[in-house]
Amino acid sequence: MSKEKKLHVVLVEPEIPNNTGNIGRTCVALGAALHLVEPLGFSLDEKRLRRAGLDYWPHLDFKVHRDLKSVMELIPQASKKALFTTKATKSHFEAGFKDHESWLFFGKETKGLSEDFLFKHPEDLYKIPMPGETRSLNLANSVAIGLYEAYRQQCFSV
């Protein structure tokens, strides 16, 4: 994947170390960067985080940010932002990741992204279709679904 099409995953206030470890491992698999927005619900040296990420954690391109504002300041204007929320009307398949550096945002496991943040970026809201009776998906699964769709669009689209 070329540098101008870099993938970034932003976890806003993640709470469960196992999820973050699994997400880190997925990021390594796709060469994506991981951004963790504080406060974190765990310590980065926690055993569950390391076990979920296995021996991939040292290969992970990741940064910890003090707040969401500091992450937003890093994003180049031409980048694609995708805020994943069950409150969106557009599917993540419609996100248009193909020609852009892409930043995928996911909220904390118990509450998702804040209403205030969603309100400020209405054009960037996407959901993962769930036609069944499920209210939401596990965070690590949601990130994998979104990240692999962005990767597919950037690397395999016709």
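The values are calculated or read from the model by the stated rules, or taken from the named source; none is laboratory data. Source: prediction; values computed, not measured. All Cβ positions, even for glycine, are placed from backbone atoms using ideal geometry, and neighbour counts span all protein chains on display.
Figures for the structure shown
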{"read-out": "Candidate set: region 103-154, residues that are outside any loop (DSSP other than H, G, I, E, B) and basic (Lys, Arg); chosen: the one nearest to Asn19 (Cα to Cα)", "value": "Lys108"}
{"read-out": "Glu133 being over 19 Å from Val37 (Cα atoms), among the acidic types (Asp, Glu) and surrounded by 14 or more Cβ atoms within 10 Å (Cβ to Cβ)", "value": "no"}
{"read-out": "Checklist (1) of a type outside the set (Asp, Glu); (2) in contact with a Gly (Cβ under 9 Å, 6 or more places away or on another chain); (3) within 23 Å of Ala33 (Cβ to Cβ) applied to Gln77, failing item", "value": "(2)"}
{"read-out": "Of the criteria (1) under 17 Å from Lys69 (Cα atoms); (2) touching a residue at least 40 places away in the same chain (Cβ under 8 Å); (3) of a type outside the set (Gly, Ala, Ser), which one Asp116 fails", "value": "(2)"}
{"read-out": "Residue list for region 35-55, filter: modelled with pLDDT of 70 or more and farther than 18 Å from Val12 by Cα", "value": "Asp45, Lys47, Asp55"}
{"read-out": "Criterion (over 26 Å from Ser136 (Cα atoms), outside any loop (DSSP other than H, G, I, E, B) and either β-branched (Val, Ile, Thr) or at pLDDT below 95 (or both)) met by exactly one of Pro58, Pro76", "value": "Pro58"}
{"read-out": "Matching residues in region 79-102 - criterion: being under 30 Å from Glu133 (Cβ atoms) and outside any strand (DSSP E or B)", "value": "Thr85, Thr86, Lys87, Ala88, Thr89, Lys90, His92, Phe93, Glu94, Ala95, Gly96, Phe97"}
